[in-house]
Amino acid sequence: MKGKSLAWIVSTLSALILVCSLPGLVWAKWYILTGAHPNSVYVIDAETDTVVKTIPLEGSGPIFTVAPNPARPQFAYAVTNLSQSVALVDLDEGKEVLRFNLSNDNELVRTMAIDVNPQGNRLYIHEMPLKKDLGKYEILETRIRVIDLDTNTVANVFPAPRQVMALASSQDGKKLYAFSVGKDISVLNPETGQVEDVIPMADWNVTGAGKLEGLPLWNPYQENDYLASFAVYMTDTITQHATVGVATLDLKQDNPDLQVVELQPYEAEWWTAHGAVSAKTQKAYLGWDKLWKMDIPTRQMEEVTQFDTNSVFGSFIHPDGTKVYCGGNWSALSVFDADTLKLLKKIDLGHSQAGAGIRFVNRENGF
């Protein structure tokens, strides 16, 4: 029996070694995409938290955001050139391969919001155009440019709400959500641009509650099981007391409602510009000069840690919920244990991020 057991173990181990050595068989892992001065995209291994690629783009920066292509993880799209261009970056080749210039001889055009649909065949660019005239600019209507990523050509242009700072697609790609400063969330048909629905924020029909203030800036919603999440502020219209909380929008649903959880009374020492909720752990992470973790079901603060920098623009949760990455302004990303908030590592980028957020991309073949 012992001989048979030993032979079975050896045979099994040999089979496993053979399977693992087969050509093309690899294990998918997460990578981080971000940007920093002067005009570079960084690829970071989210397992070792080390920079594996630095990809300089053409011309001037800075890079405001980097959006991955969830269906074609070889490619990413970076807002650059003083927010007047979107660069198509081949992450495998480590170079910019194409550029969508928004401005032209007649218009000065900038963007603050882009998104790639889950199917990976549409890039949405929210544009803020100004008509150039002798000695003056004329404000034009805002719009969304749709790029067909199979041909890298413009598929459509349609009117869009003003002051849009973030875009997000439903999981089935049939709806495009536009998040505007101080306004309701617009639900657009991504093919025609028609506003099909509005999700209240300015007037969200809750007795005694004023309008919600908050935006899902640089939101890695696709990587977070299509859960868009962000910090919000609201004021009681009777007492005038302010509360800080988090809002979530489940983009897997056909007609999602905005879910708002009031966490604690607002005080200056707990001010935050960004918050995120993990779809897996139901923990919320918020911060500015300190990082704190809240349990969503109980609304209890569980951990607090102080940053060693003056402030951090954003807190981003690893898709598996185990780590929190904080950065967006200084030259390093701080990595914290999502449970204890213990500082695990600082990823030095060498240059200021200048407002760039981070996104995650899952890749089988690595970079």
- Sole miss for A209 among (1) on the phi < 0 side of the Ramachandran plot; (2) buried (at least 20 other Cβ atoms within 10 Å of the Cβ) is condition (2)
- Can you run down the residue pairs with Cβ atoms below 6 Å, 6 or more apart or on separate chains, where the first is in region 70-87 and more than 14 Å from G357 (Cβ to Cβ) and in a strand (DSSP E or B) and the partner is charged (D, E, K, R) and at pLDDT 95 or above? S85/R99; A87/E96; A87/R99
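Taking L130, is it over 29 Å from G366 (Cα atoms) and part of a loop (DSSP other than H, G, I, E, B)? Lay out the reasoning, then the answer.
Values: over 29 Å from G366 (Cα atoms): yes; part of a loop (DSSP other than H, G, I, E, B): no.
In short, no.
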- Message: Kindly evaluate Y124 against the criterion of being within 26 Å of D320 (Cβ to Cβ) and either in contact with a Lys or Arg (Cβ under 9 Å, 6 or more places away or on another chain) or assigned to a strand (DSSP E or B) (or both).
- Response: no
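Does G355 count as in contact (Cβ under 8 Å) with a residue 40 or more places away in the chain and surrounded by 16 or more Cβ atoms within 10 Å (Cβ to Cβ)? It would help to see each step written out before you state the result.
Values: in contact (Cβ under 8 Å) with a residue 40 or more places away in the chain: yes; surrounded by 16 or more Cβ atoms within 10 Å (Cβ to Cβ): yes.
Against the criterion (in contact (Cβ under 8 Å) with a residue 40 or more places away in the chain and surrounded by 16 or more Cβ atoms within 10 Å (Cβ to Cβ)), G355 qualifies.
Under 21 Å from F367 (Cβ atoms) and under 18 Å from the mean Cα position of the chain (by Cα), is that true of V97?
No; evaluated as a whole, the condition is false for this residue.
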- Task: Mind listing whichever residues of region 260-286 are more than 11 Å from F230 (Cα to Cα), under 19 Å from the mean Cα position of the chain (by Cα) and in a strand (DSSP E or B)?
- Result: K283
- Consider G120 against the criteria (1) crowded, with 17+ Cβ neighbours inside 10 Å; (2) on the phi > 0 side of the Ramachandran plot; (3) more than 17 Å from the chain's Cα centre (by Cα): it satisfies all of them except one. Which criterion is unmet? (3)
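Could you please find all residues in region 35-69 being of a type in the set (V, I, T), over 14 Å from A354 (Cα atoms) and touching a residue at least 24 places away in the same chain (Cβ under 8 Å)?
Looking only at region 35-69, we keep the residues that are of a type in the set (V, I, T), and these are 41, 43-44, 48, 50-52, 54-55, 63, 65-66.
Okay, now just the ones that are also over 14 Å from A354 (Cα atoms), so 43-44, 48, 50-52, 54-55.
Selection gives V43, I44, T50, V51, V52, I55.
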- Message: Restricting to region 155-180, count the residues that are outside any strand (DSSP E or B), surrounded by fewer than 22 Cβ atoms within 10 Å (Cβ to Cβ) and either of a type in the set (A, V, I, L, M, F, W, C) or touching a strand residue (DSSP E or B) at 6+ places or on another chain (Cβ under 7 Å) (or both).
- Response: 4
- Query: Taking into account only those residues within region 38-69 that are touching an Asp or Glu at 6+ places or on another chain (Cβ under 6 Å) and assigned to a loop (DSSP other than H, G, I, E, B), which is nearest to W330 (Cα to Cα)?
  - Reply: L57
- Note on the structure: Scanning region 181-235 residue by residue, those of a type outside the set (F, W, Y), over 29 Å from D148 (Cβ atoms) and not in a loop (DSSP other than H, G, I, E, B) turn out to be A209, E213, S229, A231, V232, M234, T235
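The values are calculated or read from the model by the stated rules, or taken from the named source; none is laboratory data. Since we're looking at a predicted model, the values are computed, not measured. Methodologically, a virtual Cβ is constructed for each residue, glycine included, from the backbone with ideal geometry; neighbour enumeration extends over all protein chains shown.
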